[in-house]
Amino acid sequence: MSSVAISVAFLAGCAGTKVHDIDSSGDSILASPRTIAVVTEVELSTPPRHETPEAQRASAHVTAAALDEKLTGLFGAHALRVVPPDAHPDLILRNRIVDIRTGSRALRLWVGYGAGKAELRVNTALMDPNHAVPVSLLSFQSTSTSGGMPSGGLISPALRSLSRDGLDTEVAETSAAIDKQVALYFAEQHWPYPARGTVSPQAPAGASSP
């Protein structure tokens, strides 16, 4: 097997998303949430590895928009209507991007062993804003890394702009991890969270029924 094939084969096993520091001790007075606001902010706490600080911040802001877009679609598929934070939502999902590494395709391909890997680390909190001081219901950190080449299954224009660095994979995996943790918390609270594909598409606001 050639050195390139060995590197690619090794890198295929390096990708993945880990969720840790889970705290789901918060209780809510809500009977059944119907609306949620999604807010993703950039609060980088780790210096860049392969890019300039300016490039790191730019990637983080594009990634924040991509996360918002992906999560909006996921929650809509679970019959949760995503609204702006000032629209008095039942819940607020707040994400903070604390570390991002766009990676290097050249290093991933020719060096391997984790060199040049892409990484996205996000702190997430599900908040109940229906109190004088918003209550944290669920919090956790997710870390997604990808040692392989960028995925060909791009999801949206925002994600397509990330494909050169492989962050489309991190966005998709991080969104899926957040979706899973929210689903588990909803189950604990006996709140409905229909499986994707079982919810009928909703008509746009203001549309009349036939």
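LEU120: net charge of surrounding residues, Cβ under 10 Å, Lys/Arg +1, Asp/Glu -1, itself excluded?
-2
Quick one: if the Förster radius is 45 Å, what FRET efficiency do ASP86 and THR52 give, using the C-beta to C-beta distance and rounding to 0.05?
Result of the calculation: an efficiency of 0.85.
Assuming R0 = 30 Å, can you tell me the calculated FRET efficiency for the pair ALA176 and GLU43, based on Cβ-Cβ distance, to the nearest 0.05?
0.85
If we sort 22-28, 173-179 on the protection proxy, mean other Cβ atoms within 10 Å, highest first, what's the order?
173-179, 22-28
Give me the distance in nm between label points sitting 7 Å out from Cα along the Cα-to-Cβ direction at GLU188 and ASP21, one decimal.
Here the answer is 1.7 nm between the modelled labels.
Every number in this text was worked out from the coordinates using simple rules, so none of it is lab data. Owing to the predicted nature of the structure, the values given are computational and were not obtained by experimental measurement. A quick note on method: Cβ atoms are made from the backbone with ideal geometry, for glycine too, and the neighbour counts reach across all protein chains shown.
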